[in-house]
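Structure first, commentary second.
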Amino acid sequence: MNKECSLTTSQEDNILCLRFSGSWTIRDKQCQQLDLNKILLGKIQGLTFNTTDLTKWDSRMLVTLVNVIQTANAKSIPVHEEGLPAGIRNLLQLTRKKVLTPPQNRTNNAGFFTFIGLQSSIFVKQVLQHLAFTGKIFLSYMRFYSGQARFLKRDLSYFLFDCGPKALPIVTLIAFLVGFTLAFIGAVQLQMFGADIFVANLVGLTMVREMGPMMAAIIMAGRTGAAFAAQLGTMQVNEEIDALQTMGLNPFDFLVLPRMTALVIMMPMLAVWADLVGILGGFFIGVFSLDISPNLYFQQTVKAIHLNHFMVGIIKSFFFGYIIAFCGCLKGMSCGRSADAVGKSTTSAVVSSIVFIVIADALFTFFFNLIGI
């Protein structure tokens, strides 16, 4: 049978000694606690411990010791832990390594100019991070063209299939509904002027130049860009990327290169498919709702769309694919080593991709209009 716990004190030459006896576990009856604020008053110049009569201990004794040490530190009384078991001293050392930081969502009371300075500093760091990642990608492709990049060919084949054929169902559904909606909204307005036939022009030009590449890109940002970030982020958590470096493999060549190459190749093809499906959605409205003959709708669409319009969408989709792969791989490779960090990286990859896609589309639209295309 375990001896009941007890905590007694003794004092010698202004050094207070706490003597722990018996079994100090959560299953045992709690012993009477001492009022440390009263005991540590006076001319106490140090605090020691005696555990020679201690039989068992667990977290219950650790909590008591933490409270004792915190009270002594508050009164600037030195604490000597030599009399404690080695296991307890190690646990106490671990508790001191835990540095509590305020939550990131806590309101910052800093001044306006301090806030501007902090945000500017964060922006500069992000710009430098993007430039550094761009440089690493450039060097990786240089090694690829010189035959020095090492990656699995089956990985490239898998990502080509994943970014292409496997993405067709969702791209088809969204593109068809977008073309269907554009034709329906355009018909409502054009019928007011008796210009129903120009629904074909509206749907064709809008899908080829803008909505086809953009909708395909947004879908791929949420589908594939997020997957890239989650895959690489999980590899960071599991230290698989560190293992690749240990084996002498460049992580950018082995992981980033096939993902980025596959998405850049497949995005223009997905955009072309989205164009065709979107036009088909408008065709249904034109033929079955506006009573336009299929042959007339087809001729009007072909007349409205020129090669320049088609190439505008192809160029946009190429850069959209690069943006999606860049954001997904960047967030994944720079991910922290926790499940929370993987979630944040995945969310950040999707948001960043969509924002950059919209900005790039606006810049391309302004540039092409400026040069008359």
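The values are calculated or read from the model by the stated rules, or taken from the named source; none is laboratory data. What you see is a predicted model; the values in this text were computed from it and never measured. Ideal geometry is used to build each Cβ from the backbone, glycine not excepted, and the neighbour counts take in all protein chains shown.
General observations
- Pick from segment 306-336, criterion among the aliphatic types (A, V, I, L, M) and within 18 Å of residue 351 (Cα to Cα), ranking: surrounded by the fewest Cβ atoms within 10 Å (Cβ to Cβ): 333
- Test: residue in segment 146-164 that is crowded, with 19+ Cβ neighbours inside 10 Å, assigned to a helix (DSSP H, G or I), touching a residue at least 40 places away in the same chain (Cβ under 8 Å) and among the aliphatic types (A, V, I, L, M): no
- Condition met for residue 200 (crowded, with 18+ Cβ neighbours inside 10 Å and not basic (Lys, Arg)): yes
- Scanning segment 216-243 for residues that are assigned to a helix (DSSP H, G or I) and free of Cβ contacts under 8 Å to residues at least 60 places away in the same chain, we see that the one that is surrounded by the most Cβ atoms within 10 Å (Cβ to Cβ) is 219.
- In segment 56-70, the residues that are touching a strand residue (DSSP E or B) at 6+ places or on another chain (Cβ under 9 Å) and more than 14 Å from residue 87 (Cα to Cα): 64, 68, 69
- Residue count for segment 244-282, restricted to those that are in contact with an Asp or Glu (Cβ under 8 Å, 6 or more places away or on another chain) and either free of Cβ contacts under 8 Å to residues at least 60 places away in the same chain or among the aliphatic types (A, V, I, L, M) (or both): 1
- The number of residues in segment 9-49 being buried (at least 16 other Cβ atoms within 10 Å of the Cβ) and part of a strand (DSSP E or B) comes to 12.
- In the condition set (1) modelled with pLDDT under 90; (2) at negative phi, residue 219 is compliant with all but (1).
- Among (1) over 24 Å from residue 139 (Cα atoms); (2) buried (at least 22 other Cβ atoms within 10 Å of the Cβ); (3) hydrophobic (A, V, I, L, M, F, W, C), the one test that residue 257 misses: (1)
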